[in-house]
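Remarks on the structure that follows.
The values are calculated or read from the model by the stated rules, or taken from the named source; none is laboratory data. Just so it is clear, the model here is predicted, and its values are computed rather than measured. Cβ placement follows ideal geometry from the backbone for every residue including glycine, while neighbour counts extend to all protein chains displayed. Surface accessibility is based on the protein's heavy atoms, side chains included, excluding ligands, DNA and RNA. Shrake-Rupley method; radii C 1.70, N 1.55, O 1.52, S 1.80 Å.
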Amino acid sequence: MPYLKKATDAAFGLAPYTVPLRVAQYVKATTTNIFAGNLVILDSSGEVTSLTTLGGAANMILGVAAETTLSASAGTSVMVYDHPDQLYVCQED
């Protein structure tokens, strides 16, 4: 049974529904905050950034961030659940 948060009305982003199939390290954009559970994309320079809007070929989703990294205090990488067959759970409102 996957880990699910208590039944409350509080958003928590995406989390793997089953055991993570793959987690990989990517270089992140230095001027962005990425929070665990956010959908992430590769920007034009090949760095990972949070998805802000949907639409267009430029917004091909890479995966879901596995950790939180803030722009001012973070290193240069972020772990991402990036397997194409990974299933996720999230709160829908």
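For a quick check of understanding: with a 1.4 angstrom probe and all protein chains in place, what accessible area in square angstrom does LEU62 have, to the nearest ten?
Number for this one is 40 Å².
Label-point separation (nm) for SER45 and LEU87, each offset 7 Å from Cα along Cα-to-Cβ?
3.9
7 Å from Cα along Cα→Cβ at both THR52 and THR76: what's the point-to-point distance in nm?
For the pair THR52/THR76, the computed spacing is 2.4 nm.
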